[in-house]
Amino acid sequence: MSPTPTFNREAWLLAALPSLIALLDQAGAPAFPTPLLSVGFPFGIRTGRGKAIGQCWTLTDQERAHIFVHPCLDDPLRVLDVVAHELIHAAVGCHQGHRGPFATIARAIGLEGSLRATTAGPALQARLAAIIGRVGPYPHLALDPDQLERSRKKQGTRQRKYTCPSCGQILRAATDDLQALCVPCSTSQGSPVVFRLAGGRTDPAQAGDVGTAAQGEGGL
């Protein structure tokens with residue numbers, strides 16, 4: 001059978017979900033409403049530097065659990081064993097933690113290692129591989145946490161500092177070729193006074209070729 005075509009990562013997860021729930025059923029997990037399942041940063045983790053790679057939320061005022069798979073994952077086997085772990089939380093309730101019924105079901109379906117950070121054992125890997133054979137490759141490229149952090153820092157330093165050579169007033173702009181007049185100085189001196197890029201030079205410009213700035217930033 002050829003893999004079922006999928007259009008995005010959420011569709012892929014939803015295509016695999018019934019088979020994963022069937023694994024829990026076979027292990028004696030209690031029935032539970034089909035959860036909402038998507039890719040996203042676990043709560044409180046934005047750059048991927050936290051330890052959580054999956055998260056399940058069960059809320060008292062909502063019938064269905066919310067499950068998130070971290071976008072740093074792109075290995076389909078790993079994605080599915082993370083979902084399986086979170087589905088157990090959805091089945092038994094997050095209040096159970098990783099003990100009692102959670103531990104019983106986790107071991108029964110073939111999750112190994114620390115119950116707080118399980119991985120699929122050989123038997124479960126084989127079953128997950130069969131699911132992947134049906135739903136096709138995982139349509140997602142992992143996000144690199146280090147790259148995300150570098151991007152965030154780069155965006156924070158794009159503002160350029162400009163100063164009035166006469167009064168020292170400061171402007172900041174995301175461009176290297178800002179042309180703006182300091183209105184108070186231009187008015188008092190009777191000629192255009194142009195802001196200059198700090199650490200660089202701004203060529204003199206005609207009053208009609210530049211913008212005006214009456215107020216700027218008062219400090220660094």
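The values are calculated or read from the model by the stated rules, or taken from the named source; none is laboratory data. Only a predicted model underlies this, so the values are computations on that prediction, with no experimental measurement involved. Heads up, the Cβs are rebuilt from the backbone with ideal geometry, glycines too, and the neighbour counts pull from every protein chain shown.
Numbers for the structure displayed
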quantity: Residues within segment 105-131 that are more than 27 Å from the chain's Cα centre (by Cα) and in a loop (DSSP other than H, G, I, E, B), tallied; calculated: 2
quantity: Near pairs, Cβ below 8 angstrom, 6+ apart or cross-chain, from segment 78-97 (free of Cβ contacts under 8 Å to residues at least 40 places away in the same chain and surrounded by 24 or more Cβ atoms within 10 Å (Cβ to Cβ)) to any residue that is among the small types (Gly, Ala, Ser) and assigned to a helix (DSSP H, G or I); calculated: His85/Ala106
quantity: All positions within segment 132-141 that are closer than 15 Å to Val69 by Cβ and not in a loop (DSSP other than H, G, I, E, B); calculated: Ile132, Val135
quantity: Residue identified as assigned by TED's automatic domain parsing to the domain that holds Thr119, modelled with pLDDT under 95 and of a type outside the set (D, E, K, R) among Ala22, Ala27, Ala52; calculated: Ala52
quantity: Sole exception among (1) surrounded by 14 or more Cβ atoms within 10 Å (Cβ to Cβ); (2) at pLDDT 95 or above; (3) under 19 Å from Asp144 (Cα atoms) for Leu111, by number; calculated: (3)
quantity: Unmet requirement for Ile109, which otherwise passes all of (1) closer than 19 Å to Pro139 by Cβ; (2) in contact with a Leu (Cβ under 6 Å, 6 or more places away or on another chain); calculated: (1)
quantity: Pair list, Cβ < 7 Å and 6+ apart or interchain, from segment 103-119 residues that are of a type in the set (Asp, Glu) to residues that are surrounded by fewer than 16 Cβ atoms within 10 Å (Cβ to Cβ) and outside any strand (DSSP E or B); calculated: Glu112/Gly121
